[in-house]
Amino acid sequence: MVVSQVSHPDRAGWGRRLLHSRLLDALAYPHGVDRYVELVRPLLLRRDVRAEVTAVRHQTPKSVTLTLRANDNWRGLSAGQFVGVSLQVEGTWHTRPYSPAGSEHAPHGELELTVSTHPEGKVSRYLREHARPGMIVGLTQAQGEFVLPDPRPDRVLLISGGSGITPVMAMLRTLCDEGFAGEIGFLNYARSHQLALYRDALDQLTARRQRVRVLRGFTRGRGQADIGRFSREHARAVISDHASAATFVCGPPALIDSVGVVWGQDGLDEPAIETFTPPALAFDAAGAQGVVRFVHSEREAANSGLPLLEQAEDAGLAPEHGCRMGICNTCATRKRAGTVRNIFTGATSSAGEEQIRICVSVPVGDVALDL
Amino acid sequence: MPSPAPDLASEQLEAFGRELDALRARVVADLGERDVQYINKLIRAQRGLEVAGRGLLFFGLLPPAWIGGTAALSLSKILDNMEIGHNVMHGQYDWTGDERLNGKTFEWDTACPSEQWRHSHNYMHHTHTNIVGKDRDVGYGILRMSEQQAWHPYYLGNPIYAALLATFFQYGVALHDLEVEQIATGEQNPQERHDKLRAVWRKVKGQTLKDYVLFPLLSGPSFPFVLAGNATANLARNLWAFTIIFCGHFPAGTHEFTEEETEHETRGEWYHRQLLGSANLTGGSTFHILAGNLSHQIEHHLFPDLPAHRYAELAVEVREICERHGIPYNTGPLHRQFASVVRKIVKLALPPLPGPRGAAMPVPSAACHGALRDFRGRWMSFCG
């Protein structure tokens, strides 16, 4: 995996050395230097990546585009990679993966994220309504294998649907910044003209460069290039020889499947694929169904309907525990995925990552635990 | 003999338990922005007081700077220890998903390693509250705090041991999970004991280096003032924490329990024991914050994992529930509650008097054998 290391001058060299010094560690024991520094300079941390929102704009009624400036711990990215963005919504911290849409060659630390709002999406709706310049978010380092190869291929075909446009926009901008001499085909499917992202940016890029061809399909309603869903003809309309193009697909499962069918019919290798949909988990509230996965121990067991602490013990593990009645918090363990129900309160948890007390949690369907 | 714990019909106890469960559920549903803002504000205040205190102590040559610096640092340590540390480590803010407020990883500015605190306090003390022989907070292994602990001449020193514990409380707490009274009798797993000792040593080393070596040295000519200021701040926190904590389960009217009577406890009975074994302190909101809301010991023992700043509003409903069920609710001002604790320490230092009708002395029980074992162990290590 290539992570582009954009070199930058070591600003505040002595300041940074002081920040990392063992003396400061000892003086700030046991909380650590970061816990003091972040109260005055939230971006000045030793290890964690944080970013400040510098600009907010709304390209469409159902999206928000943020420009971020990351702190000095940011190590750069390759176009097509994603980052985990953490922010606080109503008191709780949530992390979501987003693919930055900017070029690799943008100023170091500058990131552009475009978030599409989901009707039930807590974080996306919060960002749409409340994102402001000055807001601070947590970031992970760039991750993912969905990147352009190095050296660059002769022709590149970028296919995207909905918010999947972001990683391929990053690729397109990167190639243009590099003065890429080959052909670039850009196919994007949006629900309507109104909801199509990056209209202006794409217009500018095609105006400047002859070898970039863009085609937009609108799957609902009427619009100018109302060409519906993906087909081989669409691919041929944007690039001369799609069989020899390095192809990148990012979008909903239906789009990925359509491309896969055509590529299969043409006897081509699978294109590089990026999907934004979370892993499908079976949620079955009735009866003990599903599988409990103990990720660290690499063990699995069928859900017996007992509290997770007992299921772990039955599987031969010995997790830390205390009162075994949900009070002392000793058994608190990170749940990676899945839903659980509290045997005392009957409350059902969220489906995502969170800390749970395994002595009083019963799985509802598949669950993955950090044990 | 202590007055017996008030008895409630089991049905009524379960109804009592259900009401408390419902109260808890309402609070859990309400947790959100307000709680996060509260704890973050408090943490900001504590860190600010710490920096200001240590900064002022650098000018400790000047008496106002020394007094101000020591006071600020004392407040910082008290807040870190009680309203922040103790509460965060109970998992009261785990629901926020903020790694800095994770109960399992938070470390506090005192000699006790947080891992051992979580074990001895969150698990042992809160599960077995006031059960003599299981809750080692009843006496901390060195004091006689219950009439159910059989008397022995060793306990004549009760008030002295209490004063020493109060003065060096942070080290007492640090050694608490080691269960030192059992080391001499060979009841412990030596490897576990070794690991715990190493962890305690690491923590004590870090704290000592910070408070008694590095900061004093950094201050140059103010060395003795910084040293004195830091020591005073630690002492202030020790005395304050000891006072508040000892008012939690020992004032007159609190009850202890035996292992037999608490076997097979139901949820309602568990709530009942938590309530009868705890006592509250009255005061204003600043007092409650400085006490880490342990002034609401009853509410804390009913709901240890709910954010402590909510206990004051919860207390109104808890009191009302207790009144309706005829359960006594033990509360009083600090001076009165602490005075009764001091009286208890002194009284229990002395052998129990025979009753008015020549009632027999308590029959030696498992607790008594335990006390004799304790003393023998201590005597042996003293001689050996």
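No lab work stands behind these numbers, since they all come straight from the coordinates. Bear in mind that the values here come from a model prediction, so they are computed numbers and not experimental data. Cβ coordinates were reconstructed from backbone atoms using ideal geometry, including for glycine residues, and neighbour counts include every protein chain displayed.
Data for the structure
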| read-out | value |
| --- | --- |
| Under the Karplus curve 6.51 cos²θ - 1.76 cosθ + 1.60, θ = phi - 60°, whole-Hz ³J(HN,Hα) for segment A:298-311, x wherever Gly or Pro sits | 6, 10, 9, 8, 5, 5, 8, x, 7, x, 4, 4, 5, 5 |
| Electrostatic dipole magnitude of the protein assembly as shown [Cβ: Lys, Arg +1; Asp, Glu -1; Cα centre; debye, to 20] | 2060 |
| Entries of A:Lys122/A:Lys335; B:Lys77/B:Lys196; B:Lys134/B:Lys347; B:Lys77/B:Lys203 with Cα pairs more than 21 Å apart | B:Lys77/B:Lys196; B:Lys134/B:Lys347 |
| Dipole magnitude of segment A:291-369, debye to nearest 20 (Cβ charges: Lys/Arg +1, Asp/Glu -1, about Cα centre) | 180 |
| Distance cut-off 23 Å, percentage of C-alpha pairs in segment A:155-274 lying past it | 22 |
| Percentage relative contact order, segment A:293-348, counting C-alpha pairs under 8 Å, at least six apart | 18 |
| For chain A, size of Cβ-based charge dipole, Lys and Arg +1, Asp and Glu -1, in debye | 1140 |
| Two-decimal Rg to Rh for segment A:77-146 - Kirkwood Rh, Cα set | 0.96 |
| Shape parameters for segment A:291-369, alpha-carbon atoms, Rg then Dmax in Å | 11.0, 30 |
| Charge sum, other residues only, whose C-beta stays under 13 Å from B:Thr105's C-beta, Lys/Arg counted +1 and Asp/Glu -1 | 0 |
| Rg ratio (alpha-carbon, reference 2.2 N^0.38 Å) - chain B | 1.03 |
| Computed lengthening from B:Ala22 to B:Ala9, 0.36 nm per intervening residue step minus Cα-Cα distance | 2.7 nm |
| Residue among B:His309, B:Ala71, B:Pro328 farthest towards the positive dipole end of chain B, charges placed on Cβ | B:Ala71 |
| Amide H partners (placed H, <5 Å) of A:Ser78, local residues excluded | A:Ser4 |
| J(HN,Hα) series, segment A:23-38, from Karplus relation 6.51 cos²θ - 1.76 cosθ + 1.60, nearest Hz, glycine and proline x | 5, 5, 4, 5, 6, 8, 4, x, 6, x, 4, 3, 5, 9, 4, 5 |
| Most positive-pole-ward Cα, B:Thr286, B:Gly253, B:Ala29, against dipole of the protein assembly as shown from beta carbon charges | B:Thr286 |
| A:Ala181 versus A:Arg208: modelled label distance in nm, points set 7 Å from Cα along the beta carbon direction | 1.9 |
| Averaged over A:31-39, number of beta-carbon atoms from partner chains that fall within 10 Å | 3 |
| Positive-end residue, segment A:155-274 charge dipole about Cα centroid, Cβ charges, pick of A:Phe186, A:His242, A:Gln265 | A:Phe186 |
| Segment A:155-274, relative contact order in percent, only Cα pairs under 8 angstrom and at least six apart counted | 31 |
| Average Cα contact separation per residue, segment B:84-208, under 8 Å, 6 or more apart, as relative contact order % | 25 |
| Eligible aspartates and glutamates near B:Lys210 by straight Cα distance, threshold 18 Å, same-chain separation 8 or greater | A:Asp25, A:Asp34, B:Glu50, B:Asp80, B:Glu107, B:Asp109 |
| Convex hull per residue volume in Å³, alpha carbons only, for the protein assembly as shown | 201 |
| Least to most buried among B:His176, B:His325 (fewest other Cβ within 10 Å first) | B:His325, B:His176 |
| Peptide A:338-344, shielding by other chains (average Cβ, 10 Å cutoff) | 1 |
| Amide hydrogen neighbours beyond the local backbone of A:Ser160, cut-off 5 Å, H modeled | A:Leu187, A:Asn188, A:Tyr189, A:Cys250 |
| Cβ-based net charge around B:Glu50, under 13 Å, with every Lys or Arg adding one and every Asp or Glu removing one | +4 |
